[in-house]
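What follows is one structure encoded as structure tokens, with my remarks underneath.
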Amino acid sequence: MIKKIFNVENSWVFIMLALITWMVYTIISGDEYVKAFNFIIPGIRITFGATFVSFLIALILGLFLGIGRISDNTFLSTISRTYIEFVRGIPILILIFTMAFVVVVDAAEFLNINNGNVPMIIRAIIALSVFYGAYIAEVFRAGIESVPVGQREGGASLGLSERQVMRHIVLPQAFRNMLPALGNDFISMMKDSSLLSVLAVQDLTYKGRLYSGSTFRFQETYLVLTVLYLCITLLLSGLQRRLERRLENSE
């Protein structure tokens with residue numbers, strides 16, 4: 001058992017633990033690091049909140065786009081593929097600016113809404129959702145196509161409609177296959193949420209920029225940010241692997 005834990009393949013875990021331990025010790029043992037941490041940490045609420053809401057919207061958007069992508073309806077298939085290829089061809093930072101300062105502004109004018117009344121956090125969530133919706137759509141497409149055709153035919157033979165087959169037979173099975181990719185997308189979105197700081201959304205990164213800009217404590221600021229994002233990412237990765245194992249054991 002000990003040999004399994006301490007084998008060469010697991011050596012990266014101990015290296016990571018050593019690095020994180022050193023960085024955490026550096027933070028808690030220095031007054032300036034503690035000040036930076038206390039200033040930055042309130043931004044974690046915005047970081048998690050924006051990520052969760054954006055991911056939920058992206059999941060719904062990706063589901064419809066993914067189904068449309070493989071639909072026999074030429075119009076739906078064309079629209080879905082156009083959206084996916086268009087969005088995936090734009091860098092996320094450019095898309096964030098475009099959604100925040102072009103699309104939302106034009107939409108507000110069209111709906112006769114004061115553009116200034118649309119908070120930046122809402123614009124940021126829209127941008128993240130639109131961007132990741134295109135990638136999650138491909139995850140859904142691949143997951144649905146991984147379910148054997150015989151499963152659909154069996155559902156149809158039982159008198160189920162195409163929608164019922166998709167809802168009760170295809171999607172539950174496809175979810176198991178999609179889980180690793182969806183988990184990776186969620187973690188990527190969590191990291192990419194740091195880009196929302198360009199819209200003055202007060203997430204972890206923006207709080208860090210505020211602190212470093214006012215105190216010029218760049219070393220303390222960015223070490224704290226590195227530790228926070230690293231711990232969040234590793235925690236989410238661990239939860240993802242645990243959920244995957246649980247699903248595998250339940251089969």
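The values are calculated or read from the model by the stated rules, or taken from the named source; none is laboratory data. Model, not experiment: these values are computed from the prediction. With ideal geometry, Cβ positions are generated from the backbone for all residues, glycine too; neighbour counts draw on all protein chains shown.
Worth a mention:
- Condition met for residue 107 (in contact (Cβ under 8 Å) with a residue 24 or more places away in the chain and in a helix (DSSP H, G or I)): no
This table checks each residue for (1) touching a residue at least 40 places away in the same chain (Cβ under 8 Å); (2) under 22 Å from residue 82 (Cβ atoms).
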| site | (1), (2) |
| --- | --- |
| 124 | yes, no |
| 128 | yes, yes |
| 131 | yes, yes |
| 136 | yes, yes |
| 141 | yes, yes |
| 144 | yes, yes |
| 149 | no, no |
| 163 | no, no |
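- Just one of the listed residues (13, 24, 53, 8) is over 30 Å from residue 162 (Cβ atoms) and either of a type in the set (D, E, K, R) or modelled with pLDDT of 95 or more (or both), namely 53.
- Matching option when the condition is under 30 Å from residue 198 (Cα atoms), more than 22 Å from the chain's Cα centre (by Cα), loosely packed, with under 14 Cβ neighbours inside 10 Å and not aromatic (Phe, Trp, Tyr), among 28, 20: 28
- Residues (aromatic (Phe, Trp, Tyr) and either modelled with pLDDT of 95 or more or surrounded by 15 or more Cβ atoms within 10 Å (Cβ to Cβ) (or both)) located in segment 197-217: 206, 211
- Across segment 61-101, the number of residues qualifying as outside any helix (DSSP H, G or I) and not aliphatic (A, V, I, L, M) comes to 5.
- Number of the exception - residue 58 against (1) closer than 22 Å to residue 146 by Cβ; (2) modelled with pLDDT under 95; (3) in a helix (DSSP H, G or I): (2)
- Residue match in segment 72-84 (condition: more than 29 Å from residue 139 (Cβ to Cβ) and over 26 Å from the mean Cα position of the chain (by Cα)): no
- Some residue of segment 129-138 being charged (D, E, K, R) and either in a helix (DSSP H, G or I) or closer than 30 Å to residue 79 by Cβ (or both): yes
- Taking the criterion of being without any contact (Cβ under 8 Å) to a residue 60 or more places away in the chain, hydrophobic (A, V, I, L, M, F, W, C) and over 29 Å from residue 231 (Cβ atoms), the residues of segment 65-102 that qualify are 75, 76, 79, 84, 86, 87, 90, 94, 99, 101, 102.
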